[in-house]
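Okay, structure first, notes after.
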Amino acid sequence: MIPVAEDTELKQQAIAYVTELYRELSEENGAPTLGTQNQAVDFILAEPARREALARWGKTVDTAEATTAPPRRLPYDDLYFAVRDCLGRIMEKPVFERGGP
């Protein structure tokens, strides 16, 4: 078994997962800021159950290959809800949704 710190495939899957979830939540076609992305990836990799769920998801997609196919929605499982809650806490709100000074 590869230690988490050295498992580049798992890290790549975590980045792809966070990016897809960010796109769903923000309705933007982009990636989260690096700070947000790194916090969410660390959140996933910190827990064995989340890592296992990520690895199962990673087997169903090819995160290293570009495609023109429409994106598949992420499965609504424990990983989805945990990472969604994490992103909700750390994502910056859009400028037009922020309160005044």
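Brief remarks on what is shown
- Scanning the stretch 44-63 for residues that are within 14 Å of the chain's Cα centre (by Cα) and of a type in the set (A, V, I, L, M, F, W, C) yields Ile44, Leu45, Ala46, Ala53, Leu54, Ala55, Trp57, Val61.
- Contacts under 8 angstrom Cβ, first residue in the stretch 52-68 being under 13 Å from Leu10 (Cβ atoms), partner assigned to a loop (DSSP other than H, G, I, E, B), 6 or more apart: Ala53/Asp77; Trp57/Leu74; Trp57/Pro75
- Tally of residues being of a type in the set (A, V, I, L, M, F, W, C), assigned to a loop (DSSP other than H, G, I, E, B) and surrounded by 10 or more Cβ atoms within 10 Å (Cβ to Cβ) across the stretch 47-82: 2
- Selection from the stretch 21-40 of residues that are assigned to a helix (DSSP H, G or I) and either of a type outside the set (A, V, I, L, M, F, W, C) or closer than 18 Å to Tyr76 by Cα (or both): Leu21, Tyr22, Arg23, Glu24, Leu25, Ser26, Gly35, Thr36, Gln37, Asn38, Gln39, Ala40
- Subset of the stretch 72-94 [under 14 Å from the mean Cα position of the chain (by Cα), closer than 23 Å to Thr33 by Cα and touching a residue at least 24 places away in the same chain (Cβ under 8 Å)]: Arg73, Leu74, Leu79, Tyr80, Ala82, Val83, Arg84, Cys86, Leu87, Gly88, Ile90, Met91
Every number here is computed from the coordinates shown, using simple stated rules; none is lab data. Quick caveat, the model's predicted, so the values are computed rather than measured. In this analysis, Cβ positions are derived from the backbone assuming ideal geometry, glycine residues included, and neighbour counts consider all displayed protein chains.
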